[in-house]
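The values are calculated or read from the model by the stated rules, or taken from the named source; none is laboratory data. What you are looking at is a predicted structure, and each value in this text was computed from that prediction instead of being measured. Here the Cβ is made from the backbone with ideal geometry for all residues, glycine too, and neighbour counts use every protein chain on show. Calculation scope for accessible area: heavy atoms of the full protein, side chains included, ligands and nucleic acids excluded. Shrake-Rupley method; radii C 1.70, N 1.55, O 1.52, S 1.80 Å.
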Amino acid sequence: MLACALGTPTIARAALVGQREKSLKLFNTHTGETFSDVFWADGQFLPDSLNGINYVLRDHRSDKVLPIDTDLLSLLEKVSVQVGQNHALHVISGYRSPESNQLLADRSGGVARHSLHLEGKAIDIRVPGRDLSSVRQIALGLRGGGVGFYPDSQFVHIDTGRVRSW
């Protein structure tokens, strides 16, 4: 039934799967591109949706695409539920190619040379209409990995590495 459901619109797919779904609303601040759809249903990740997410979260400098860690997507969905799903998560940085990460590391002491962004396991977000410190607190409370707080740059870093904060 899933193979049949993948070719149908989201609403029809939702009717077919019948179980709880996970969805995300993402807005890439560099490209203006959006993703707003179900990415997990009936106990499975939806390949077409994952492709859409991977594209929106690609390295905007090089246009390189890497599969985003599905654990990170599930963590983001939990953040989204707690901030209110009517809010799109504004993405400052998703996947970073090695070249882009090196460029940023050369410009700033705050960029890790072996960043989890390189593996599609980290994202930097803000949520317009929500206090940045509350987004940080939500991410910390989920204990799904690392959480970095950058109030001067107006974003929260979330990753699926070991649980830590800075």
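Can you tell me the orientation of helix 132-142 relative to the chain, as the angle in degrees between its alpha-carbon axis and the longest Cα principal axis, to the nearest 10?
Long axis of 132-142 versus the principal axis of the chain: about 70 degrees.
So, with a 1.4 angstrom probe, what is the percent of accessible area on the chain that is carbon and sulfur? Kindly include the intermediate steps, with their values, before the conclusion.
Working: 4210 of 8220 Å².
The nonpolar share, carbon plus sulfur, comes to 51 percent.
Probe radius 1.4 Å, ligands and nucleic acids left out: which of ARG96, ARG143 has the largest accessible area, and how do the rest follow?
These residues rank, largest area first, as ARG143, ARG96.
Magnitude of the Cβ-charge dipole of the range 35-166, K/R +1 and D/E -1, about the Cα centre, nearest 20 debye? Before the final figure, lay out the partial values.
On the way: 14 positive and 15 negative charges, 90 e Å.
Roughly 440 debye, rounded to the nearest 20.
Report the one residue of GLN44, TRP166, GLN85 whose Cα lies farthest in the direction of the positive end of the charge dipole of the chain (charges on C-beta: Lys and Arg +1, Asp and Glu -1; origin at the Cα centre).
Result: TRP166.
Roughly what angle does helix 47-56 make with the longest principal axis of the chain, taking Cα atoms, 0 to 90 degrees, to the nearest 10?
The angle comes out near 30 degrees.
Stretch GLN154-ASP106 to full length: gain in nm at 0.36 nm per residue minus the Cα-Cα span?
On the way: separation 48, 0.36 × 48 = 17.28 nm, distance 2.06 nm.
Stretched fully, the GLN154-ASP106 segment lengthens by 15.2 nm.
Accessible area, 1.4 Å probe, largest first: how do HIS114, HIS157, HIS87, HIS30 sort?
Details: HIS114 165, HIS157 20, HIS87 45, HIS30 95 Å².
Order by accessible area, largest first: HIS114, HIS30, HIS87, HIS157.
In degrees, nearest 10, range 0 to 90: what is the angle between the Cα axis of helix 70-83 and the longest Cα principal axis of the chain?
90
With a 1.4 Å probe and all protein chains kept in place, how much accessible area does ASP48 have, in Å² rounded to the nearest 10?
Taking all protein chains as shown, ASP48 has close to 90 Å².
Tell me the per residue accessible area of the chain using a 1.4 Å probe; a whole number in Å² is fine. Before the final figure, lay out the partial values.
Details: 8220 Å² over 166 residues.
Each residue of the chain exposes 50 Å² on average to a 1.4 Å probe.
Dimensions of the chain along principal axes (Cα, Å, largest first)?
Projected onto the principal axes, the Cα atoms of the chain cover 50, 32, 29 Å.
Counting only the heavy atoms of the protein chains, how much of GLU119 is accessible to a 1.4 Å probe, in Å² to the nearest 10?
Accessible surface of GLU119 is approximately 90 Å².
With an 8 Å cut-off on Cα pairs and a minimum separation of 6 or more residues, tell me the relative contact order of the chain in percent.
Working: 298 pairs, mean separation 27.9, N = 166.
Value for the chain: 17 percent.
Under a point-charge model restricted to the Cβ atoms of Lys and Arg (+1) and Asp and Glu (-1), what is the dipole moment magnitude of the range 76-149 relative to its Cα centre, in debye to the nearest 20? Could you put the intermediate results ahead of the total?
Numbers: 9 positive and 6 negative charges, 33 e Å.
Approximately 160 debye in magnitude.
Apply the Karplus curve 6.51 cos²θ - 1.76 cosθ + 1.60, θ = phi - 60°, to the phi angles in the range 153-158 and return the couplings in whole Hz, x for Gly and Pro.
Calculated HN-Hα couplings, in order: 9, 6, 8, 10, 8, 10 Hz.
Quick check: with the 1.4 Å probe, what order do PHE155, PHE39, PHE149 take by accessible area, largest first?
Values: PHE155 30, PHE39 0, PHE149 60 Å².
My answer, sorted largest first, is PHE149, PHE155, PHE39.
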